[in-house]
Amino acid sequence: MDKADAVKLIAEFNAPTYQGKVHKLLAITDNDQVVGYVSFIETASETVSIGVEVYAPFRRQGYAYAAISQLLTMANAYGYHTATGQVRKDNAASLALCKKLGFTIVSEGMSKRGKPVYNLVKSI
């Protein structure tokens, strides 16, 4: 995704609500280069589901950890107290990241794409 496409996607996603739920999508940047994105969407009155994508050339450089940490602070400032997420079982790096951030595995399941996942939760 180039910068213009990322800016457009962020603008669309950062409307105050989507289908009646609060949501935020933020670019992860380094020196004006978009290296990924992080998001949350309200799933219940005090709960958000988070997601992150760091583009392959920029992985394992701390971008995801910093972005999710800031996103959790933002979500808490909006009044949310719980964050949830899903990690594919075969994604050891993302699972390690979530554990480092203080998430706990609460169950196992299947993603919308039929992949085995861990469901995670964290108080914020």
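Structure data summary
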| item | result |
| --- | --- |
| Of all residues in the range 32-55 being of a type in the set (D, E, K, R) and assigned to a strand (DSSP E or B), the one that is farthest from Ser123 (Cα to Cα) | Glu53 |
| Any strands (runs of 3 or more DSSP E) falling wholly within the range 56-124 and containing at least 1 residues that are exposed (fewer than 12 other Cβ atoms within 10 Å of the Cβ) and of a type in the set (A, V, I, L, M, F, W, C) | 104-110 |
| Residues located in the range 106-124, provided they are of a type in the set (A, V, I, L, M) and either in contact with a helix residue (DSSP H, G or I) (Cβ under 6 Å, 6 or more places away or on another chain) or more than 16 Å from Asn91 (Cα to Cα) (or both) | Val106, Leu120, Val121, Ile124 |
| Pick from the range 81-124, criterion more than 24 Å from Tyr55 (Cα to Cα) and polar (S, T, N, Q), ranking: nearest to the chain's Cα centre (by Cα) | Thr82 |
| Lone qualifier among Thr82, Thr43, Thr47, Thr73 - being touching an Asp or Glu at 6+ places or on another chain (Cβ under 7 Å) and closer than 28 Å to Thr17 by Cβ | Thr82 |
| Unique match (being farther than 14 Å from Ile124 by Cα, of a type outside the set (Val, Ile, Thr) and assigned to a strand (DSSP E or B)) among Lys8, Lys24 | Lys24 |
| Residue within the range 58-66 that is over 24 Å from Ala92 (Cβ atoms), modelled with pLDDT of 95 or more and among the aliphatic types (A, V, I, L, M) present | no |
| Flag if Ile10 is under 16 Å from the mean Cα position of the chain (by Cα), surrounded by 15 or more Cβ atoms within 10 Å (Cβ to Cβ) and under 22 Å from Lys99 (Cα atoms) | no |
| Subset tally (residues that are under 11 Å from the mean Cα position of the chain (by Cα) and in contact (Cβ under 8 Å) with a residue 24 or more places away in the chain) for the range 31-51 | 9 |
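The values are calculated or read from the model by the stated rules, or taken from the named source; none is laboratory data. Everything numeric in this text was worked out from a predicted model, so none of it was measured. Quick reminder, even Gly has a Cβ in these numbers, built from the backbone with ideal geometry, and neighbours come from all protein chains shown.
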